[in-house]
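Trainee: Input: one structure, supplied below.
The values are calculated or read from the model by the stated rules, or taken from the named source; none is laboratory data. Quantities reported herein were computed from a predicted structural model and do not represent experimental measurements. Neighbour counts are summed over all protein chains in view; Cβ atoms, including those assigned to glycine, are modelled from backbone coordinates with ideal geometry. Each accessible area value is taken on the protein alone, full model and side chains, heavy atoms only, with ligands, DNA and RNA left out. Shrake-Rupley method; radii C 1.70, N 1.55, O 1.52, S 1.80 Å.
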Amino acid sequence: MPRPLLTATALAATLCLVPLATAGMAAADTGAYRDFDQFMEVFNRVKADYVDKVDDKTLIKGAIEGMLSSLDPHSGYVDAIAYDNLRILTEGNYGGLGLTVTMEDNAVKVIAPQEDTPAFRAGVKAGDYITHIDGKLIFGQTLDEAIGQMRGKAGTRIALTLVRPGRDKPVDVAMNREIIVQRPVKWEVRGQVGYININTFSEQTGADTRAAIMAIEKSLGRKPLGYVVDLRDNGGGLLGQAIEVSDAFLSSGEIVSQRGRDKADIERYYARAGDDANGLPVVVLTNAGTASASEIVAGALQDHHRGLVMGTRSFGKGSVQTLIPLGPQTQLRLTTARYYTPAGRSVQEGGIEPDIAVPQLSDPDHKSRPVFREADLRRHLINEIKADDKILEEDTKDDPRFTATAETLKKQGVEDFQLWYALKTVARLGGPAQVAAATRPVPKK
């Protein structure tokens, strides 16, 4: 349970009742009182002399938001609008575009578009900046205000202007809003390979992953050759669901630990007995949009040698946010810990490095498009444990397996090279016929 927070008045009253142990503490408290006095002086001056009348609630909210924004990119004040946004993302469906976005330097930046949504089909890319909505500049708005404008009744038209790094001119896209159904897990059978696409970690993701494993086996009438678990462009979600998903593929051992400011403040989470996937081979697909809860799953399966991580380096968000209730519809979202993989690795900044680096060759811009990760965010937490097992000598030669062009792959019917390569890797266990079956182009619906 989060500890109750004290207001400034309650804090001052409490300090008066507690004997000060040292001169250093007394000096620190005196400094805090002086800062509170200065804050109240500014507060009263703004109320008295600002050109327009402003209410106390607006000033206090602004002060809280300013304080939290000075910490790290993931701490913040969750007001009624943001609270509703958070509830929708973890519980329900909404009318909108299917985008995961963040705020950077007063601009809305795309973390990732959700698969098979209006934004995804319109070509919105991770790392794009949204500058205009329906021709109106949104620079300087809050993130929740921008999200509110992008959401709306299904079927209504919306136009976005994007600034894309590497492009000289803005990109204009238009689309219709749709009901974005929270289907965190999708599955299908490719040949004799089970494909599980996990696009978010909401309240049912763990149960849906287990259901997908059973459904694949039932569809085949036998166990598959193995599984491809797709975590690309999955921006994360609930920690508990990341643990549940990891547990579906593990039969024992630690999944993740989270460690707070105090070195003794460590929580560890372990797998329960029983592997739903029956020990069958697993390939985990990651890219720069694989963040937070997704990295917990990838890191756990990688450290236990339970899955082969394939694709590109993940986002690198290795911090834990705690939601502390402040009122009926307001919360404090505070970074309270860092999480670590079973081997004690922090993914903060560095992310999860794939066991086999597979570029997205089917994307013609995969080499030139700038990549957006946690380390690019201002005030991001610094990784206190730096990896010391990096390759000493960089190999600058192109991997002969990955020299095909997007145009060549398209002619061969390969729309998603990373997925194609992962399916091929698992299908090899069944021989050439299964490779052909697993990698056969899927007819467009």
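Trainee: Among G166, G194, G236, which one moves the most in a GNM of the chain with springs linking Cα atoms closer than 10 Å?
Mentor: Fluctuation is largest for G166.
Trainee: Strictly over 24 Å apart at the Cα level, which of K136/K317; K263/K317; K169/K367 would you flag in this model?
Mentor: Pairs exceeding 24 Å: K136/K317.
Trainee: Mind putting a number on the dipole of the chain about its Cα centre? Charges go on the C-beta only, +1 for Lys and Arg and -1 for Asp and Glu, and I need it in Debye to the nearest 20.
Mentor: 1220
Trainee: Inverting the mean 1/r over all pairs of different Cα atoms, compute the Kirkwood radius of segment 62-210 and quote it in Å.
Mentor: Across segment 62-210, the inverse of the average 1/r is 16.7 Å.
Trainee: Determine the shape class of segment 139-195: with a ≥ b ≥ c the square roots of the Cα gyration tensor eigenvalues, call it rounded for a/c under 1.5, and otherwise prolate if a/b is greater than b/c, oblate otherwise.
Mentor: In terms of gyration-tensor shape, prolate.
Trainee: Taking all protein chains as present, what is the carbon and sulfur share of the accessible area of the chain, in % to the nearest whole number, probe 1.4 Å? Kindly include the intermediate steps, with their values, before the conclusion.
Mentor: Details: 13080 of 24150 Å².
Answer for the chain is 54 percent, counting heavy atoms of protein chains only.
Trainee: Does segment 184-256 come out rounded, prolate or oblate by the C-alpha gyration tensor, with a ≥ b ≥ c the root eigenvalues, rounded set by a/c under 1.5 and, if not, prolate when a/b is larger than b/c and oblate if not?
Mentor: Since a/c reaches 1.5 and a/b is larger than b/c, the shape of segment 184-256 is classed as prolate.
Trainee: Here is a follow-up. Among H305, H132, H74, which one shows the biggest mean-square fluctuation in a GNM of the chain, springs joining Cα atoms closer than 10 Å?
Mentor: H305
Trainee: Rounded, prolate or oblate: pick one for segment 143-281, where a ≥ b ≥ c are the square roots of the eigenvalues of its C-alpha gyration tensor, a/c under 1.5 means rounded, and failing that, prolate if a/b is larger than b/c, else oblate.
Mentor: oblate
Trainee: Taking the alpha-carbon distance from K411 and a cut-off under 20 Å, which aspartates and glutamates remain once sequence neighbours fewer than 8 residues away in the same chain are dropped?
Mentor: D363, D365
Trainee: Same structure again: Rounded to the nearest 0.05, what FRET efficiency is calculated for A357 and D37 with R0 set to 35 Å and r the Cβ-Cβ distance? Could the numbers behind the result be given before it?
Mentor: On the way: r = 56 Å, r/R0 = 1.60.
The pair A357/D37 has a calculated efficiency of 0.05.
Trainee: Specify the inter-centroid distance of segment 216-252 and segment 93-160, based on alpha-carbon positions, in whole Å.
Mentor: 29
Trainee: Show that you can apply the helix-only estimate: for the chain, add -39,500 (n - 2.57) for every DSSP H stretch of four or more residues, divide by all residues, and state [θ] at 222 nm to the nearest 500.
Mentor: Calculated mean residue ellipticity at 222 nm is -9500 deg cm²/dmol.
Trainee: I would also like to ask the following. If you scale each eigenvalue of the Cα gyration tensor by 5 and take the root, what three semi-axes come out for segment 203-358, rounded to whole angstrom and sorted largest first?
Mentor: 27, 18, 15
Trainee: When the distances between all Cα atoms of the chain are binned every 10 Å from zero, what whole-number percent does each bin get?
Mentor: Pair shares across the bins are 4, 18, 28, 25, 15, 6, 3, 1.
Trainee: Continuing with the same structure: When averaged across all projection directions, what area in nm² does the alpha-carbon convex hull of segment 226-281 cover?
Mentor: The number I arrive at for segment 226-281 is 4.9 nm².
Trainee: What does DSSP give for the chain in terms of the percent of beta bridges that are antiparallel, rounded to the nearest 5?
Mentor: Counting only bridges with both partners in the chain, antiparallel ones make up about 75 percent.
Trainee: So, for the chain, what is the accessible surface per residue at a probe of 1.4 Å, expressed in square angstrom?
Mentor: Result: 54 Å² per residue.
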